1. What number goes with the only condition from (1) over 18 Å from the mean Cα position of the chain (by Cα); (2) modelled with pLDDT under 90 that LEU100 does not pass?
2. Hand me the list of strands (runs of 3 or more DSSP E) wholly inside segment 7-120 holding 2 or more residues that are surrounded by fewer than 10 Cβ atoms within 10 Å (Cβ to Cβ).
3. Taking the condition touching a residue at least 24 places away in the same chain (Cβ under 8 Å) and on the phi > 0 side of the Ramachandran plot, does ASN59 pass?
4. Sort through THR17, THR75 and tell me the only one that's hydroxyl-bearing (Ser, Thr, Tyr) and modelled with pLDDT of 95 or more.
5. Tell me whether segment 101-112 contains one or more residues that are over 30 Å from SER8 (Cβ atoms) and in contact with a Leu (Cβ under 7 Å, 6 or more places away or on another chain).
6. Within the set of pairs 6+ apart or on separate chains, which have a first residue in segment 9-24 that is outside the structural domain of ASP58 (by TED's automatic domain parsing) and of a type in the set (D, E, K, R), a second that is in a loop (DSSP other than H, G, I, E, B) and at pLDDT 95 or above, and C-beta atoms under 8 Å apart?
7. Consider ASP44 against the criteria (1) among the acidic types (Asp, Glu); (2) over 22 Å from ILE10 (Cβ atoms); (3) free of Cβ contacts under 8 Å to residues at least 12 places away in the same chain: it satisfies all of them except one. Which criterion is unmet?
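The values are calculated or read from the model by the stated rules, or taken from the named source; none is laboratory data. In this text, all values refer to a predicted model and were calculated from it rather than measured experimentally. Counting neighbours? That spans all protein chains shown, and the Cβs are built from the backbone with ideal geometry, glycine included.
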Amino acid sequence: MTEKKIASIIKSFDELTPHQLYDCLRLRSAIFVVEQNCVFLDMDNKDQECYHLMLYQDNVLVAYSRLVPVGGFATLDLSAGYTYKNLSLLASVTNITNTLNYLVHDNYSITPIPPREFLTTLTYKF
């Protein structure tokens, strides 16, 4: 049995050699454009901000992932309520500063934070 040589490499965009960059772009095109039929411009100017994880087997790129940095952020929410006898009023404003960012979940899905929202609830108890 022949032993396979496996190497994992992680580099910033500026650290990639021209051959590594070509390998990454070629594999991405093979997967997204050819196999998944997602015809779009893959070079989206985000590669320069990312780290690139490459897995080589016998000097052939067999797996690749673009690691997008997600910075910290904070949102500011405000809510107030008032109850008088059987009537309740609740008002809230979420994401007051209208922060544009994303929540990254454990299952690798990414959800955008909703823009500023206003919500009012009026309740009457019988």
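1. (1)
2. Correct list: 78-84, 110-112.
3. When the stated conditions are applied, ASN59 passes them.
4. THR17
5. Among the residues of segment 101-112, not one is over 30 Å from SER8 (Cβ atoms) and in contact with a Leu (Cβ under 7 Å, 6 or more places away or on another chain), which makes the answer no.
6. Once the first residue is outside the structural domain of ASP58 (by TED's automatic domain parsing) and of a type in the set (D, E, K, R) and sits in segment 9-24, no partner that is in a loop (DSSP other than H, G, I, E, B) and at pLDDT 95 or above comes close enough.
7. Going through the list (1) among the acidic types (Asp, Glu); (2) over 22 Å from ILE10 (Cβ atoms); (3) free of Cβ contacts under 8 Å to residues at least 12 places away in the same chain, ASP44 breaks only (2).
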